[in-house]
Amino acid sequence: MRVTDTWYLVVGALLFSVGAAGVLLRRNVLVILMCIELMLNAANLSFVTFARRLDDVTGQVAVFFVLVVAAAEVAVGLAIVVAIFRQRRRGATADDVSLLRG
Amino acid sequence: MRAVPPIHWPAVAPVAALGVTVVVAVMLRSLVRRSAWVDDAVIALTLVGLAVAGGFVVVQWRIVRSDGAYQAVAGAVAVDGFAVFVAGVVLAAAAASVLLSRSYLRTVGLAHGGEYLVLLLCSTIGMLVMAGANDLLVVFVALEVLSIPLYLLTAFDRRRRASLEGGMKYFVLGSFASAVFLYGVALTYGATGSTSLPGVAAFLARTTLAESGTLLAGLMLMLVGLGFKVAAVPFHTWVPDAYQGAPAPVTGFMASATKAAAFAALARVLFTGLDAYRSDWRPAVWALAVLTLVVGNLAALAQRDVKRLLAYSSVAHAGFILIGIEAANQRGRAAALFYLATYALMVLGTFGVLAALARRGERFDLECFAGLGRRRPVLAGVLTVLLLAQAGVPATSGFVAKLGVFQAAAQARSWALLVVGVLAAVVGVAYYLRVLLVMYTGAEADGGEGTAEGSPVPPALGAAPVGVDAGTGIVLAVAVAVTVWVGVAPGGLLDLAERARLLF
Amino acid sequence: MVELVLFVLAAAVTLGGALGVIIARNPVHAALHLVAVLVAVAVFFVMQQAPLLAAVQVIVYASAVVVLFLFVIMLLGIDRRESLTEPLRHQRPLAIAVAVALTIEVAVLAGHTWTTGARTQQGTLSGGAVEVLAENVFTRYLWPFEVLAVLLVVAVVGGVTLARHSGEPAGADDLGEGRAAPEPGEVPGP
């Protein structure tokens, strides 16, 4: 059996679905951040696959930029998390950050 | 080996000017020990930087008027009337926000204004880049550059729990939206072989796709991602918490400039890139517009905190602008631009009044406004004019703006959307009037049942002496003057918006 | 054949790790699952002629970013189990509905061709992906590359702003508890 591009793209799409479900299901802020990383990786995998399929370098450049963006995003997100935890050090868990309360 | 692309400097001059300002401001703040004059120097520097960038924007407008629109820096930047108009709105909003910030930061006791201004400038850079983004990758990068400083600014008042939590919520949902948008870009790239918007359009013009599933999925995901940024329902859940948590001048900036930049990107992606799939995205935008108008207005009716009320009303205004996008004609685009420009001034003025009234641990429960009309007649008068303009009362710019999008909808024959829009405008009047009623009569309109967070009676706003400094005064005066003037004589701004066309 | 074996292995690790991230109750375990996913994705990158990206993925993502996560988890002492009960009634069915809808969409799309016969409009990948990548970053994609510099400034300034102690006297805020004492000396700016 030959491995076709569609296989890679399906893995990417499933990874994206799992990440999106994780963001909606989990309530621990750190785990939600990790799920967002999963989604970005799914996009990256699709970009690289399309780049080979199209024989075009744009997809790889995109992944390059996304890596930078993701690193900056994580740094800022974790800074906010640390600030929240420092503000109420007493017995706080990530559950206290009531997200998605509408 | 290709050479570095020629850089047409007028095309990137506004961004470059702000970039230099950021570097100088960071150097100034880090090399000089903290003292009062440094904060003022950074504010002055920021204003100078914004003014220089504004000057370059005027130059760009002249160039576009005389020589026509063009692409620059290897096709990544579009310099057209549309981008320049949005850039002007964004810069004006940033300048107004900076002017409001000085006294606000002092009053609420946020000492270090330097970082605040640097982050504000970085966000402005992202918005300018977004306004002229001609490539989906640039849109993504600009989206991040404008959003990440806003997450930080929302969380800036670390002593208030609402501020940090609003920032966290905004961050999580915003990053989620960015990731969704990015995956949409990936699918669009795979389907068309290009991320450049004219490239996508060119491919779709000469090819008929046998299987358009990938492209449509990409289009919908990009719509979701941008829907988050323009605060369209059902992607609006971050809005009330972020608007409530952010410092008042930042909220004004978010409601005006962010909306303008995000709508610019939305229009460019839909009209420049995917115009060939207009019959596919119009129903989606239609549904977004209807949901946004209905939910935004109804939720605003139920709010007891004025900042949250304004947040939901901002969601509702996004619905009106979406009517202009849905119309998908030149009049709709011009009406959307006009709406963005006038709404930016109204909302900045409104949050300017709130910033002037703010105290430590700021609270804006509706009860706090009781009797404001007697205690602070001038501020209450300013608030009255701006709220009536947002409600769309005739002889204000809000009326002309709403009329514009309705005309565009009529021209596009979207009658159902037109009816929903008119009904939403009528409902909208109710909650603005409720605030005014409380302000002038002092009585709660519908018999309040205790405050939201269960604390004792919150202090009345404006009871302590309020010093309105020069910066705030300028912003409020300009906001009121322009709102009324454009409402009476809208010709000039309408003409500008009409001329601000897209490159393709 | 080699490609098939590699693909099946990497796909299994990717999807298994992703499920691990969203199922693990302990954040540390979630972070370790994340490492597995990131490395498996790097394997995919190598298989797709993107060796440079694979290297960057392992160095920046799997190392630096995950270490940052683990560091914060340890710093905050939240490496305990999280209750998975959901306080919002509609949240969980909604999330599962979204996931199912996405998966069905994937299944439908997988039966069709994903790509559309579009061809390259830019430089091809042949002749050394690294050179082509570098050349394009500094020519065609110069503008987003420059703009990303602003993002790094934001990350530094933001991190410094949020992470340092406020110079405010205690009790002046609307919480008045659980805050660190103000630092005697002042902390210089970024």
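Side notes on the structure shown:
- Theoretical FRET efficiency, 1/(1+(r/R0)^6), r = Cβ-Cβ of residue C:71 and residue B:44, R0 51 Å, to 0.05: 0.85
- For region C:1-82, accessible area per residue (1.4 Å probe, heavy atoms of protein chains only), Å²: 44 Å²
- Dipole of chain B, positive direction: furthest Cα of B:171, B:153, B:18, with charges on the beta-carbon: B:18
- Relative to the longest principal axis of the Cα atoms of chain A, the long axis of helix A:58-87 lies at roughly 10 degrees.
- Dipole magnitude for region A:1-87: about 280 debye, using +1 per Lys or Arg Cβ and -1 per Asp or Glu Cβ, origin at the Cα centre.
- Modelled spin-label separation between residue B:37 and residue C:100, with each label point placed 7 Å from Cα along the Cα-to-Cβ direction: 6.9 nm.
- Net charge of the neighbourhood of residue B:314, taken over other residues with C-beta under 11 Å away and scored Lys/Arg +1, Asp/Glu -1, is +3.
- Rounded percent of accessible protein surface that carbon and sulfur make up, region B:233-309, 1.4 Å probe: 67 percent
- Take the accessible area of chain C alone and of chain A alone, subtract that of the pair, and you get about 7500 Å² summed over both chains, using a 1.4 Å probe.
- Compared with its chain on its own, region C:2-18 contains the following residues whose accessible area drops by 50 Å² or more in the full protein assembly (probe 1.4 Å; ligands, DNA and RNA excluded): C:3, C:4, C:7, C:15.
- Based on Cα contacts under 8 Å between residues 6+ apart, region C:1-82 shows a relative contact order of 32 percent.
- Amide proton proximity set for residue B:365, modelled H, under 5 Å, gap of 5+: B:306
- Relative contact order [Cα under 8 Å, 6+ residues apart], chain A, whole percent: 29 percent
- Within the accessible area of region B:11-82 (1.4 Å probe), percent carbon and sulfur: 71 percent
- Value of relative contact order over chain B, rounded to a whole percent, pairs C-alpha under 8 Å and six or more apart: 16 percent
- Between B and A, roughly 3400 Å² of accessible area is buried in total, ligands, DNA and RNA not counted and the probe set to 1.4 Å.
- With a 10 Å cut-off around each Cβ of B:3-16, the average count of Cβ atoms from other chains is 2.
- Surface burial for C against B, with a 1.4 Å probe and both sides summed, reaches about 4400 Å² of accessible area.
- Between residue B:196 and B:136, the built amide H atoms are under 5 Å apart, and every one of these is 5 or more places off in sequence or on another chain.
- Using the Cβ of residue B:265 as centre and a radius below 13 Å, the other residues enclosed give a net charge of +1, where K and R count +1 and D and E count -1.
- Contour minus Cα-Cα distance for residue B:67 and residue B:474 (0.36 nm per residue): 143.0 nm
- In terms of its alpha-carbon gyration tensor, region A:5-92 comes out oblate; a/c meets the 1.5 threshold, while b/c is at least as large as a/b.
- Counting only protein heavy atoms and a 1.4 Å probe, chain B has 30 square angstrom of accessible area per residue.
- Per residue, region A:5-92 exposes an accessible area of 17 Å² to a 1.4 Å probe, with every protein chain left in place.
The values are calculated or read from the model by the stated rules, or taken from the named source; none is laboratory data. This is a predicted model, so every value here is computed, not measured. Neighbour counts are summed over all protein chains in view; Cβ atoms, including those assigned to glycine, are modelled from backbone coordinates with ideal geometry. SASA here: full protein model, heavy atoms, side chains in, ligands and nucleic acids out. Shrake-Rupley method; radii C 1.70, N 1.55, O 1.52, S 1.80 Å.
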